[in-house]
């Protein structure tokens with residue numbers, strides 16, 4: 001149970017007015033992915049454990065590439081799946097904490113990307129192996145800046 005679920009569940013159990021189910025508080029994430037991609041499914045599980053409600057949509061590669069392009073994802077920013085959350089694009093294995101920060105800060109941006117598939121990023125865990133990686137903020141002028149560094 002994450003912190004948000006704990007607080008809501010505790011308030012509901014105490015009968016506090018105005019407390020609603022976690023489902024209605026959780027941001028909804030639409031994920032577009034290949035039906036055969038296991039790391040995409042592992043990233044979805046990571047997001048659900050963090051309290052997000054996830055709708056996975058399996059699409060063929062041509063549709064996925066077209067969706068990426070339409071969403072402003074260039075090949076150098078691409079990964080294996082693309083998601084939408086509250087008006088932002090999330091490309092690849094972005095940690096849930098980075099998505100939560102994005103939604104809290106609400107910058108003028110397209111969204112976030114973790115290009116490629118770095119080992120140790122959410123959904124790409126391989127034992128104790130871990131690559132350092134960066135989450136990039138995708139700005140509306142097609143430039144990027146570092147949003148978060150992960151060691």
> Could you state the per residue volume, in Å³, of the convex hull enclosing the Cα atoms of the range 17-150?
Replying inline: 113
> For residue 65 and residue 105 in the same chain, what is the full-extension length gain: residue separation times 0.36 nm, less their Cα-Cα distance, in nm?
Replying inline: 11.5 nm
>> Taking the beta-carbon count within 10 Å as an exposure proxy, list 112, 84, 138 from fewest neighbours to most.
In response: 84, 138, 112
> Per 10 Å bin, what is the whole-percent P(r) computed from every C-alpha pair distance within the range 94-151?
Replying inline: 23, 52, 22, 3
>> Between residue 53 and residue 36, what is 0.36 nm times their sequence separation minus the Cα-Cα distance? Round to one decimal in nm.
In response: 4.0 nm
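Tally the DSSP beta bridges in the range 17-150 and give the antiparallel ones as a percent, rounded to 5.
Of the beta bridges lying entirely in the range 17-150, close to 65 percent run antiparallel.
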> Roughly how compact is the range 23-79, stated as its Cα Rg over 2.2 N^0.38 Å to two decimals?
Replying inline: 1.20
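Any read-out appearing in this document is the output of simple, stated calculations on the displayed coordinates, not a laboratory observation. Since this is a predicted model, take the numbers as computed values, not measurements. Cβ sites come from the backbone with ideal geometry, for glycine too, and all protein chains shown count toward neighbours.
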